[in-house]
Structure formats: C-alpha cells, structure tokens
1. So residue 75 fits all but one of (1) farther than 11 Å from residue 98 by Cα; (2) touching a His at 6+ places or on another chain (Cβ under 9 Å); what number is the exception?
2. How many residues, within the range 1-10, are of a type outside the set (S, T, N, Q), surrounded by 13 or more Cβ atoms within 10 Å (Cβ to Cβ) and more than 17 Å from residue 36 (Cα to Cα)?
3. Does the range 50-107 hold any residues that are among the small types (Gly, Ala, Ser) and more than 12 Å from the chain's Cα centre (by Cα), and which are they?
4. With the condition kept exactly as written, say whether any residue in the range 10-18 is among the polar types (S, T, N, Q), under 15 Å from the mean Cα position of the chain (by Cα), more than 25 Å from residue 107 (Cβ to Cβ) and outside any strand (DSSP E or B).
5. Would the range 30-40 turn up any residue that is among the small types (Gly, Ala, Ser), closer than 24 Å to residue 4 by Cα and in contact with a strand residue (DSSP E or B) (Cβ under 9 Å, 6 or more places away or on another chain)?
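Nothing in this text is a laboratory measurement; each read-out follows from the coordinates by a stated rule. Quick caveat: nothing in here was measured; it's all calculated off a predicted structure. Glycine also receives a Cβ, built like all others from the backbone with ideal geometry; neighbour counts cover every protein chain displayed.
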Amino acid sequence: MQDQTIETQTRIYVYDLMNEAKEHGFKDEDSWELSMVTEAERTRIQRNYHPAVASKAFPEMLLPVFQSVKSRLKQSLSKEEQLMDNGTIARDDLKYIIAFNPKRIRG
C-alpha cells in the first residue's frame, strides 16, 4: 500500500513539474533543482524563484518520494542525499520536496 502511495505521489509531482516547465517555456537545457526543505526554506525559495513547485509529504514518505522523483527526472542523488534517512529528515525538520530552476530568479 505504501509503495502505491509513493508511486502516486511521484507521478502527481512529476506531472506538475512537467506542466510548469511547459507553461513557463523551459528549454532542453533548463532543469529542475530538487531539494527536501523546511517550511522556512520553502518560503524563501518560492519568494526568490519562479516557478517553484513544492509538495508537502508525510515524514516517512518524504525520502522515498524524493528519491523516486529524482530517478524519474534522471538526476542522480548527491553523496549527502544518499546518506539521508528518516532520522535526518526528522532532525532537520524537512517537510517539503521543492523544485526550482536556479536560473529563473523572480524579478
């Protein structure tokens, strides 16, 4: 059941990213920077970059959905991301997956 939920959340999030990319005229060289962030970091990113697509997830779902989305986007996990676990997520108070393009600063 949890695997289905992870798959469903991944599909919805990737679908939202593709729609935003199309709506905002992303070119082939444009890509999403994907992160797991706190509430404050989400707010800062959404204030500074457009588009920025955030999704809140249950703590136990955040890491598997994040990993699944990275895989779908054909992005490899950084060393830091590979070392993350549910303890890291709880300790760092990570609540959101957010995607943004660092080249698209809000004007």
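1. Condition not satisfied by residue 75: (2).
2. Looking only at the range 1-10, we keep the residues that are of a type outside the set (S, T, N, Q), and these are 1, 3, 6-7.
Next, only the ones that are surrounded by 13 or more Cβ atoms within 10 Å (Cβ to Cβ) stay: 6-7.
Then keep just the ones that are more than 17 Å from residue 36 (Cα to Cα); that gives 7.
Going through the range 1-10 one residue at a time, the tally reaches 1.
3. Let us first name the residues in the range 50-107 that are among the small types (Gly, Ala, Ser), namely 52, 54-55, 57, 68, 71, 76, 78, 87, 90, 99, 107.
Scanning the range 50-107 gives 76, 78, 87, 90, 107.
4. First pass over the range 10-18, keeping only residues among the polar types (S, T, N, Q): 10.
Subset that is under 15 Å from the mean Cα position of the chain (by Cα): 10.
Remaining after also requiring more than 25 Å from residue 107 (Cβ to Cβ): 10.
Restricting the remaining residues to those that are outside any strand (DSSP E or B) gives 10.
Yes, the range 10-18 contains at least one residue that is among the polar types (S, T, N, Q), under 15 Å from the mean Cα position of the chain (by Cα), more than 25 Å from residue 107 (Cβ to Cβ) and outside any strand (DSSP E or B).
5. Filtering the range 30-40 for residues among the small types (Gly, Ala, Ser) gives 31, 35, 40.
Now narrow it down to the ones that are closer than 24 Å to residue 4 by Cα: 35.
Now narrow it down to the ones that are in contact with a strand residue (DSSP E or B) (Cβ under 9 Å, 6 or more places away or on another chain): 35.
Scanning the range 30-40, I find at least one residue that is among the small types (Gly, Ala, Ser), closer than 24 Å to residue 4 by Cα and in contact with a strand residue (DSSP E or B) (Cβ under 9 Å, 6 or more places away or on another chain), so the answer is yes.
Yes or no, residue by residue, for (1) closer than 17 Å to residue 94 by Cβ; (2) in contact (Cβ under 8 Å) with a residue 24 or more places away in the chain; (3) out of contact with any helix residue (DSSP H, G or I) (no Cβ under 8 Å at 6 or more places or on another chain); (4) not β-branched (Val, Ile, Thr):
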{"position": "3", "(1), (2), (3), (4)": "no, no, yes, yes"}
{"position": "7", "(1), (2), (3), (4)": "no, yes, no, yes"}
{"position": "18", "(1), (2), (3), (4)": "no, no, yes, yes"}
{"position": "23", "(1), (2), (3), (4)": "no, yes, yes, yes"}
{"position": "31", "(1), (2), (3), (4)": "no, yes, yes, yes"}
{"position": "38", "(1), (2), (3), (4)": "yes, yes, yes, no"}
{"position": "52", "(1), (2), (3), (4)": "yes, yes, no, yes"}
{"position": "55", "(1), (2), (3), (4)": "yes, yes, no, yes"}
